[in-house]
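The values are calculated or read from the model by the stated rules, or taken from the named source; none is laboratory data. The model shown is predicted, which means the values in this text are computed figures rather than measured ones. Please note: Cβ atoms are built from the backbone with ideal geometry, for glycine as well, and neighbour counts cover all protein chains shown. SASA here: full protein model, heavy atoms, side chains in, ligands and nucleic acids out. Shrake-Rupley method; radii C 1.70, N 1.55, O 1.52, S 1.80 Å.
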Protein chains: 2
Amino acid sequence: MTAEGGGVPLSERLARGDLMAKACPSREVLKHITSRWGVLVLLALRGGTHRFSELRRAIGGVSERMLAQTLQWLEGDGLVDRVAYEVVPPHVEYSLTPLGREAAEKVRGLADWIEVSLPRIVERWEEREGDS
Amino acid sequence: MTAEGGGVPLSERLARGDLMAKACPSREVLKHITSRWGVLVLLALRGGTHRFSELRRAIGGVSERMLAQTLQWLEGDGLVDRVAYEVVPPHVEYSLTPLGREAAEKVRGLADWIEVSLPRIVERWEEREGDS
DNA sequence: TACTTATATGTAAGTACTTACGGAAAGTAA
DNA sequence: TTACTTTCCGTAAGTACTTACATATAAGTA
């Protein structure tokens, strides 16, 4: 297919990222998605639209600061959609964009595996304690 | 407290983790796997056994210190197997355990998506620049 | 006698991530 | 009037992650 580049170099529009490369921009995306709270935000939003305070409650341990920060990162990458109603007190709703839904599916795959495999991993921890 | 397996309640050995819960041990596993270099180490080891220096070369930007650290985390979780030959200079080989191979597959799913989707995400970045 | 090799470890220093706390806005309830 | 609500932002402080640099090994090489 022919790409119509509105001024942007063709190479830039088609290039696939390479996470192994030190300077690849994909590293930035990886950082946002796999950040401490990024993963959990994506998981929480898989259930649909949520208000800020709902997310805060759903994700055990996040501070308001970090939740806001993380949401901004994800919004900046086009994974999360933010809708603010101009009222007081503020009312803001967050949801996944189509792009974000794709990412969230992949994250769910990993998260699910971790949750299910936890018992097996804990076993290793216990074995190691006995080693020393 | 309950360090040895013998006295640990059955429910605790079988329980599935819950990443949304603040104190769940699965959070620790998530941290190791999604750490800055953890993801890349798992990806690199998908190709098979690698020596330390090979990994260092394969993963652009890692310092020796962090690579060693990350490998220890993953080894501790039973995802990576470490075999050291008692020679000088040292010769150490790393590979994925069956458990690690499972994790690596999930990570690959996410990593692959990021690499492929990078162009679409970069578009958002460029759109935002014009916004302000 | 150095110098080089491969894989770490210890330490000091720097940077980035996180948290805690206070503040702001414009109504409503007490 | 005072308190309370929700969603942030700013600042200071703390903690964790990273890097840079030095050290150790035992044999082969210049």
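At a glance:
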{"read-out": "Exposure rank, largest accessible area first [A:Trp113, B:Trp73, B:Trp125; 1.4 Å]", "value": "B:Trp73, B:Trp125, A:Trp113"}
{"read-out": "Rounded percent of accessible protein surface that carbon and sulfur make up, chain A, 1.4 Å probe", "value": "51"}
{"read-out": "Solvent-accessible surface ranking, highest first, for A:Lys31, A:Lys106 at 1.4 angstrom", "value": "A:Lys31, A:Lys106"}
{"read-out": "Segment B:67-132: GluC sites (Glu not before Pro) falling in loop per DSSP and having at most 14 other Cβ within 10 Å", "value": "B:Glu86"}
{"read-out": "Cα-based shape type of the protein assembly as shown, given that a ≥ b ≥ c are square roots of the gyration tensor eigenvalues and the cut on a/c is 1.5", "value": "oblate"}
{"read-out": "Prolate/oblate/rounded call for chain A, Cα gyration tensor, a/c under 1.5 rounded", "value": "oblate"}
{"read-out": "10 Å Cβ neighbours from other chains, averaged over peptide B:29-42", "value": "4"}
{"read-out": "Candidates A:Ser63, A:Ser117, A:Ser35: whichever shows maximal mean-square fluctuation once chain A is modelled as a Gaussian network with Cα springs under 10 Å", "value": "A:Ser117"}
{"read-out": "Between B and A, accessible area buried - total, square angstrom, nearest 100, 1.4 angstrom probe", "value": "5100"}
{"read-out": "Nearest-first distances (nm) between copies at A:Arg120, label 7 Å from Cα via Cβ", "value": "3.1"}
{"read-out": "Where B:Arg65, B:Arg27 fall by accessible area, highest first, once all protein chains stay in place (1.4 Å)", "value": "B:Arg65, B:Arg27"}
{"read-out": "Gyration tensor verdict on segment A:73-124 (Cα atoms; rounded if a/c is under 1.5, prolate if a/b is larger than b/c, oblate otherwise)", "value": "prolate"}
{"read-out": "Inter-copy spacing of B:Gln72 label points, which lie 7 Å from Cα along Cα→Cβ, given in nm from shortest upward", "value": "3.5"}
{"read-out": "Where chain B is the region considered: accessible area per residue in Å², 1.4 Å probe", "value": "55"}
{"read-out": "Relative contact order for chain B, counting Cα pairs under 8 Å that sit 6 or more residues apart, in percent", "value": "21"}
